[in-house]
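Asks: One structure, pasted below without further comment.
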Amino acid sequence: MSQTEFKIRRGVLAEAVTLAPFAVQIFNDTFAGNPLNAPEDMHAYISEFMSVEAFEAEFQDADSIFFIAEAGDAMIGYAKLQENSIEECVSGANPIELQRLYVATDFHGTGIAGALMNECFAEAARKNYQTMWLGVWEHNFRAQKFYEKLGFRQVGTHVFQLGADAQIDWVMERKL
């Protein structure tokens, strides 16, 4: 898929109703098949953090910035930046968090994730951030490699609570 076959735009509150089920599908595609993730923990996390109401609250948060990737009228990926969010191990000046970056499985390897990242980098630059940081599951090797290619480096860890399972995320940062 070429860059001209999809577009990236800012997400809006009215899209919470379509983004929530899309996000659940991608989250399940990404993590449900891993034997380290118990179905009850996946269900608990999704119920709490990926409902329409949860997405509506995030869209209404002035510190949340969503980007939607589309091919035609279909969502194929999304990213979320979170302002005023910091981890102790992040040492870079004036940081912004890349809280989520997901692309539908059928579109992996098409450049959409890179395009979403470029939009996030551009937004961070527009807002004069100097560092971007993120958390990535210690067992998500594909994502780790992707972020490393973009210049992110591990600076610590934090706990990601998936239901009752306290998982370890790598905290990675990149100077902008």
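Read-outs: derived from the displayed coordinates by stated rules, not from any lab. Values in this document were obtained by computation on a predicted structure and should not be read as measured data. Note that each Cβ is placed from the backbone with ideal geometry, even for glycine, and that neighbours are counted across all protein chains shown.
Asks: Report the label-to-label distance for S85 and F49 in nanometres (one decimal), using points 7 Å from each Cα along the Cα→Cβ vector.
Replies: My value for the distance between the label points is 0.9 nm.
Asks: Show that you can apply the helix-only estimate: for the chain, add -39,500 (n - 2.57) for every DSSP H stretch of four or more residues, divide by all residues, and state [θ] at 222 nm to the nearest 500.
Replies: -10500 deg cm²/dmol
Asks: Using 7 Å Cα-to-Cβ label points, what is the D165/E40 separation (nm, one decimal)?
Replies: Taking the simple label geometry, D165 and E40 are separated by 1.3 nm.
Asks: If you don't mind, another one. Please sort through the DSSP H helices of the chain and keep those with an alpha-carbon extent of at least 18 Å along the long axis and a Kyte-Doolittle average not below 1.0.
Replies: Both cut-offs are met by 16-31.
Asks: For a label point 7 Å from the Cα of T105 along Cα→C-beta, name the residues of segment 39-68 whose backbone N is under 20 Å from it.
Replies: So the set is 39-47, 50.
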